[in-house]
Amino acid sequence: MVARAFPDLSRLLSPRSVAILGASERPRSVGSDTLLNLAEHSDFEGEIFPVNPGREKVHGLRAYRAMSALPDPVDVAVVCLPADAVIEALRDCAAAGTGFAVVFTSGFGETGDEGRAAEAEMAEIARQSGMRIYGPNSPGLSNINRRLGLTFSPVFKNDTLGGGIGLVTQGGGLGRAFIQASERGIGVGLWCSTGNEADLTMADIMHHMVGDPDIKVIALLAEGFRDGPRFLAAARAAARAGKPVVAMKVGKSDYGVAATRSHTAALAGSAAVTSALFRQHGIVEVDDLDELTDTAALFERAGIARRRGICVYSFSGGTAALAADMVGSAGLTLSELAPDTRDGLRALAPSYAAVENPVDLTTQVFTQDTLNRDCLSLVAHDPATDVVLLPIPANYGPITDRSADDMVALAQESPALLLPVWMSGYRAAGYGTLNAAGLAPFRSLGKAVTALKRLIWRGDWSPASTDTPSLPALPPGELDEAAAKAALATLGLTVPEGRVVTSAQQAGEAACGIGFPVVLKALVPGLLHKTEAGAVAVGLMDEEALAAAWEAMTTSLATKGHRLDRALVERMEQGPGVEVMAGLHSDPVFGPVVSFGLGGVMVEALSDVTHRAAPFGREEALAMIGEIRGRALLCPLRGRPGADLNALADLLVTLSTLGARGDIAEMDLNPVRAGPAGATVLDAVILRAPTDTEGMARQ
């Protein structure tokens, strides 16, 4: 099926005409607040059409009995009606040639099967008519840069500070909390809360923001993804445009997943897969709302640039030491100040001040009015310093106010990024000065360092190539382990030498030809977990041991209702190596995903696994290998040779190519022996995806 192109949302976000179905004058009703937000609290110069069959006028505007009575089609119809009236209203809107319908009403997919069926009906209306539907269960949208509110929020009138942040949420409360960071000088230019996403999704809004020149950074608050591949396509568009994306994903625990399903009926997806795919696509993931706000604000100021050297600058020795310690603990780097910088600081500061990094001017700044500004200017212009971290431990009245003034004055021409941290719970004039100047200070050192770490990570990230090799087709039909390994060999992967046998005598002959020690594995249709069924015997050193293993395996399988009619005899791999696993599966949200981690029983015991969406190339494969916690086991250690990482990368790229091709439902290579001279697949399960013909036959 051909993917649907991203829509043009310009008429939704900057409409020329709006109809409000359910417009009302009843105080504090959705229909009343929505109309007042548009007519009185927005700078909207287009036409407004209240639709209410029981009134001639609503808030002084002529009312219409139905959409069919409007003189012309409208760009947007806002639906403020009970749930049982929404579907019919959407049909009326579509018949009237409406461009977009915004549905506030809840009581749909978040309530169960009946609600999901209604949403499917909405999607069908959109598909057949071409009218796009935003919602349901949505608080609307606020284009604050254009001073437009298609929302029922009673506090929209307070949303006066626009800016370069584009905010996309699926719920209203957390989005509203982000918007109210305007009290700290953090402005959102466009907020879209997509609700249950019966038609338009977070990905569609995100893609629009990529092309919006007013938006400098995109902040996402996601409960789930209706169309994972489409979301990743929007993320790739943002990366190509050089526009940072900061995201918070709700639904990481079992409790969170259950809550998101009841809230917006979103597919939460696997948290581990989501986080890994965020990293793959350059999306900066955060853990709570404060982090989302702080990090998005930092990216709006700083953009995407490579920044490494950090200078900690304070007038409190303890504070400077704490900040430096936190920088080091985060794996970040303090800059080595240039000799000229240090000499300049020594010439200005008292002899007992610290002029290395961290810089501590001491309380001498309390008595010398220009000392702070002069020294801060030297540090801000230091050639090795990209960021100056400025922790203010307490409010000292005029002294702190003057320090804030100095930061504001220098921020305009400073080559280094100035990051103030207001650590005191007392908000004084200096705090307001920083907010008003767009230098919204962090409220703790921990949050500042965390945001800075993410800024530096994104500056270092670049999209990896997705070039993959061309591979021969796999054989048709179901594949047992022997057939799976034969297929893997044709793809260029290494498998142990082995032969298929049908009797104990043939097994002995095969083992003599291969050479002992050998491994014996039963080939039983539908038996995927052989070890638990007694269908694997390893370390067989001679024909006598092999014959005994065949007899024991026959007995064990019989107790479970199986027959030992065919088996695989393989050379037992020996020598140095580490067991890893590589897998391919179709994620219910994001499509084909490749996984890698420690293998054997360790994959279940430690869950040391990482993931990537297919396709990807060698660079991303090597990044996967370096991402697992057990990566040190693959490196040379105390005289033991390291694993062949290039061979592992080739294996992962092969799985990625197969995943993108779409003919594999699942592949589990576990364990894979990663040795110094290659990677050998010791066990393989391949489940083919059904073809269209097979799917039709099963219906």
In the stretch 570-586, the residues that are out of contact with any Gly (no Cβ under 6 Å at 6 or more places or on another chain) and open to solvent by less than 10 Å² (accessible area, probe 1.4 Å): Ala582, Gly583
Close pairs (7 angstrom Cβ cut-off, 6 or more residues apart or separate chains): farther than 21 Å from Val672 by Cβ in the stretch 470-485, of a type in the set (A, V, I, L, M) anywhere: Pro475/Ala483; Pro475/Ala487
Residues of the stretch 551-565 classified as buried (at least 17 other Cβ atoms within 10 Å of the Cβ) and either touching a strand residue (DSSP E or B) at 6+ places or on another chain (Cβ under 7 Å) or of a type in the set (Gly, Ala, Ser) (or both), total: 3
Members of the stretch 132-152 that are open to solvent by 20 Å² or more (accessible area, probe 1.4 Å) and either within 26 Å of Val86 (Cβ to Cβ) or small (Gly, Ala, Ser) (or both): Arg132, Asn137, Pro139, Phe152
Verdict on Gly508 being free of Cβ contacts under 8 Å to residues at least 60 places away in the same chain, touching a Ser or Thr at 6+ places or on another chain (Cβ under 8 Å) and outside any loop (DSSP other than H, G, I, E, B): no
Failed condition for Val217, given (1) open to solvent by less than 10 Å² (accessible area, probe 1.4 Å); (2) farther than 16 Å from Phe6 by Cβ; (3) more than 17 Å from the chain's Cα centre (by Cα); (4) of a type outside the set (S, T, N, Q): (3)
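Table: residues versus (1) under 33 Å from the mean Cα position of the chain (by Cα); (2) of a type in the set (A, V, I, L, M).
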position: Val284; (1), (2): yes, yes
position: Glu291; (1), (2): yes, no
position: Ala296; (1), (2): yes, yes
position: Leu322; (1), (2): yes, yes
position: Glu336; (1), (2): no, no
position: Ala354; (1), (2): no, yes
Breaking point among (1) open to solvent by less than 40 Å² (accessible area, probe 1.4 Å); (2) within 29 Å of Asp340 (Cβ to Cβ); (3) in contact (Cβ under 8 Å) with a residue 60 or more places away in the chain; (4) touching a strand residue (DSSP E or B) at 6+ places or on another chain (Cβ under 9 Å), for Gly459: (4)
Extreme residue, nearest to Ala219 (Cα to Cα), among residues of the stretch 162-195 that are surrounded by fewer than 24 Cβ atoms within 10 Å (Cβ to Cβ) and either among the aromatic types (Phe, Trp, Tyr) or touching a Pro at 6+ places or on another chain (Cβ under 6 Å) (or both): Phe178
One residue from Leu479, Leu471 being surrounded by 18 or more Cβ atoms within 10 Å (Cβ to Cβ), modelled with pLDDT under 95 and more than 19 Å from Gly539 (Cα to Cα): Leu479
Scope the stretch 379-404; condition open to solvent by 20 Å² or more (accessible area, probe 1.4 Å), at pLDDT below 95 and either assigned to a strand (DSSP E or B) or not small (Gly, Ala, Ser) (or both); matching residues: Pro393, Asn395, Tyr396, Pro398, Ile399, Asp401, Arg402
Qualifying positions in the stretch 64-101 - of a type in the set (Asp, Glu) and open to solvent by less than 40 Å² (accessible area, probe 1.4 Å): Asp75
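Which residue, of Arg55, Arg26, Arg16, is basic (Lys, Arg) and under 27 Å from Gly189 (Cα atoms)?
Exactly one residue qualifies, and that residue is Arg16.
Answer yes if at least one residue in the stretch 414-434 is among the aromatic types (Phe, Trp, Tyr) and assigned to a helix (DSSP H, G or I), and no otherwise.
The answer is yes; a qualifying residue exists.
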Filter result for the condition that a residue is on the phi < 0 side of the Ramachandran plot and at pLDDT below 95, over Arg563, Arg571: Arg563
Failed criterion for Ala647 (all others in (1) open to solvent by 20 Å² or more (accessible area, probe 1.4 Å); (2) modelled with pLDDT under 95; (3) assigned to a helix (DSSP H, G or I) hold): (2)
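Scan the stretch 349-373 for residues that are surrounded by fewer than 19 Cβ atoms within 10 Å (Cβ to Cβ) and either at pLDDT 95 or above or over 30 Å from Leu455 (Cα atoms) (or both) and jot them down.
Listed by number, the residues that qualify are Pro350, Ser351, Tyr352, Thr363, Gln364, Phe366, Thr367, Gln368, Asp369, Thr370.
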In the stretch 38-63, the residues that are in contact (Cβ under 8 Å) with a residue 60 or more places away in the chain and either open to solvent by less than 30 Å² (accessible area, probe 1.4 Å) or of a type in the set (Phe, Trp, Tyr) (or both): Leu38, Ser42, Phe44
Qualifying residue in the stretch 630-641 (condition: within 26 Å of Ile664 (Cα to Cα), out of contact with any helix residue (DSSP H, G or I) (no Cβ under 9 Å at 6 or more places or on another chain), in contact (Cβ under 8 Å) with a residue 60 or more places away in the chain and of a type outside the set (Gly, Ala, Ser)): no
Hits in the stretch 298-323 - residues which are of a type in the set (Val, Ile, Thr) and under 18 Å from Thr341 (Cβ atoms): Ile310, Val312
Index of the failed condition, Arg306 passing every other in (1) under 19 Å from Ala234 (Cα atoms); (2) out of contact with any Ser or Thr (no Cβ under 6 Å at 6 or more places or on another chain): (1)
Odd one out for Glu551 among (1) over 28 Å from Leu658 (Cβ atoms); (2) among the charged types (D, E, K, R); (3) touching a helix residue (DSSP H, G or I) at 6+ places or on another chain (Cβ under 6 Å): (3)
Hits in the stretch 482-526 (condition: surrounded by fewer than 19 Cβ atoms within 10 Å (Cβ to Cβ) and farther than 29 Å from Leu648 by Cβ): Thr502, Ser503, Gln505, Gln506, Glu509, Cys512, Gly513, Pro525, Gly526
The stretch 287-312 residues that are under 12 Å from Thr450 (Cβ atoms), paired with ones that are of a type in the set (Val, Ile, Thr) and in a helix (DSSP H, G or I) (beta carbon under 7 Å, 6 or more apart): Glu291/Thr450
Count of the stretch 317-339 residues which are of a type in the set (A, V, I, L, M), part of a loop (DSSP other than H, G, I, E, B) and surrounded by fewer than 18 Cβ atoms within 10 Å (Cβ to Cβ): 2
Check on Thr657, outside any helix (DSSP H, G or I) and out of contact with any Phe, Trp or Tyr (no Cβ under 6 Å at 6 or more places or on another chain): no
Members of the stretch 26-46 that are out of contact with any Cys (no Cβ under 8 Å at 6 or more places or on another chain), part of a helix (DSSP H, G or I) and over 18 Å from Asp159 (Cα atoms): Ser32
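The values are calculated or read from the model by the stated rules, or taken from the named source; none is laboratory data. Computed from a predicted structure; not experimentally measured. For neighbour counting, all protein chains shown are included, and Cβ atoms are generated from backbone atoms with ideal geometry for every residue, glycine included. Side chains included, ligands, DNA and RNA excluded: accessible areas come from the protein's heavy atoms. Shrake-Rupley method; radii C 1.70, N 1.55, O 1.52, S 1.80 Å.
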